[in-house]
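Note sheet for the following structure.
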Amino acid sequence: MSSNLHQSGVRLLRMLGRHAETVMDVYLSGAVDEANADTGVLKKLTEAGILWRPEEDEGLRLTRSVRALLEEGLKDERNRQINANVGSALATIKTLADHYKEARSHSDYSAAEAYLADLSEHVYAFTENLRYSIRVLWGRINNEFGYVGTISAKIRENELAQSQVSELLNGLELFQFSELGEIASDIRELRKLLVTTLQETLSDCTQELSVVQARLLELLGRFRQIQGRTRLLRGWLLYTDMHPDYEPMDHVAHRKVPMLFNRAEAMLADAHVDVHNQSLEQELMEMVARIKSISRLDLKPVTKAAETSVVLSAAEDFDIPENPLKQDVEDYFVAVIDSGKRQSALEYLQEKALPWDSESWIYQVIGGFEGLSEEHKSFFELEPLGEPHPVYTGNFIIRDVELWLS
């Protein structure tokens, strides 16, 4: 039996070598060009199981086993496929294990040896096919499905790979090692094949398939993002083709730049205190009040010999005298309220014969007006009287101010 297999294998390999050009032409084109091919050669290849015809009106194609051999030998990522039919392989392994146990129980050692060799071949072929499928998936991932030309095709290939990974994981769940352990019982050869070898391989492959699945999901998200941006760009190009006179607006001049163009990082402007903002007056005054002046010029060193007696007494009450200039300004405001008429600050100063300098008086009137709350300020109107500076433009010289009720 072994010699017959050897001779059949030699004849098959010689036939493949003799007709290598025809086989590769079929591999690359997908079907045989029967009009330009030798009929006798096609007949020999068909009888040898290298070519087959799916339908009567279809062309001759390579059988799946020969195509898989070429894909593996040529490292062809374009045509590699994954065999995710785990259930069929599991059923075959269980059947061969039962055949081996039966032949062994009947002391048919030659048949038992043949079944064990067949079982070993199926187990190692299954594990190798599983690892091969994972290598194919990693090959697709590493080149990001580079053998297809469009994003839509990449997404379809990604979804196909995800379905194959899910099918492989679901198939691996069919392996119940408690059941396989019962089948192997105490037979060392079966336990090595059905428990040790399969369990180690399936554990490693399950972990790697989980990593593959996560990577495929990451790639799918990237492809969909590229697809969305591509559609946006195509829509923009279509819009510009339909509106050739379109000119984009100056988005930089807008207060709020659209997110499509606002790609630069935000910049913080230089901060400064707005001393003209009256709503912050209270906070500014509190900040100034907390500033302390520390003078070390008048400090004298304290010696131990200088002993002074300290007498504690009740604190004396004292009053801070009111600023007379500020009081006169308040009287000026009251006089305007009582009269209800427009009144000049300098005229009031001369009329009351107040002892203040005119410039200081005007400054204090303006400061008193600005120091009013918003509610009280709304009752008055203050107008500066003067003329622009004759030399420096933009400067206004105030000679007097007038105050009246609004």
Going by amide H atoms built from the backbone, whose H comes under 5 Å of the H on V401, apart from near neighbours? A345, L346, L385
Quick one: putting +1 on the C-beta of Lys and Arg, -1 on the C-beta of Asp and Glu, what dipole do you get for the range 102-192 around its Cα centre, in Debye to the nearest 20? 520
Solvent-accessible surface (1.4 angstrom probe) belonging to E383, in square angstrom, nearest 10: 70
quick shape note, the range 318-399: Cα extents on principal axes in Å, largest first -> 51, 28, 26
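Sort R231, R222 by heavy-atom solvent-accessible area, probe 1.4 angstrom, most to least. Walk me through the numbers before you get to the answer.
Numbers: R231 155, R222 80 Å².
Correct descending sequence by accessible area is R231, R222.
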If you average 1/r across every pair of different Cα atoms in the range 40-193 and take the reciprocal, what Kirkwood value do you get, in Å? 18.6
Exposure of L130 as accessible area (Å², to 10), given a probe of 1.4 Å and all protein chains: 10
Just report the Cα centroid separation between the range 164-213 and the range 7-37, whole Å. 38
May I ask for the net charge around D186, where only other residues with Cβ less than 13 Å from the Cβ of D186 are counted and Lys, Arg are +1 while Asp, Glu are -1? +3
Considering the Cα positions of the range 355-406, please state its Rg to one decimal place and its Dmax as a whole number of Å. 12.9, 39
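Compare D274, D400 by solvent-accessible area with a 1.4 Å probe and give them largest first, with all protein chains kept in place.
D274, D400
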Each residue of the range 366-381 in order: what ³J(HN,Hα) in whole Hz does its phi give by Karplus 6.51 cos²θ - 1.76 cosθ + 1.60, θ = phi - 60°, with x for Gly and Pro? 5, x, x, 5, 5, x, 5, 5, 4, 5, 6, 5, 5, 7, 10, 10
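The values are calculated or read from the model by the stated rules, or taken from the named source; none is laboratory data. Because the structure is predicted, anything quoted here is derived from the model rather than measured. Reconstructed Cβ throughout: ideal geometry from the backbone, glycine too, with neighbour counts over all protein chains shown. The area values use the complete protein model at the heavy-atom level, side chains included, leaving out ligands, DNA and RNA. Shrake-Rupley method; radii C 1.70, N 1.55, O 1.52, S 1.80 Å.
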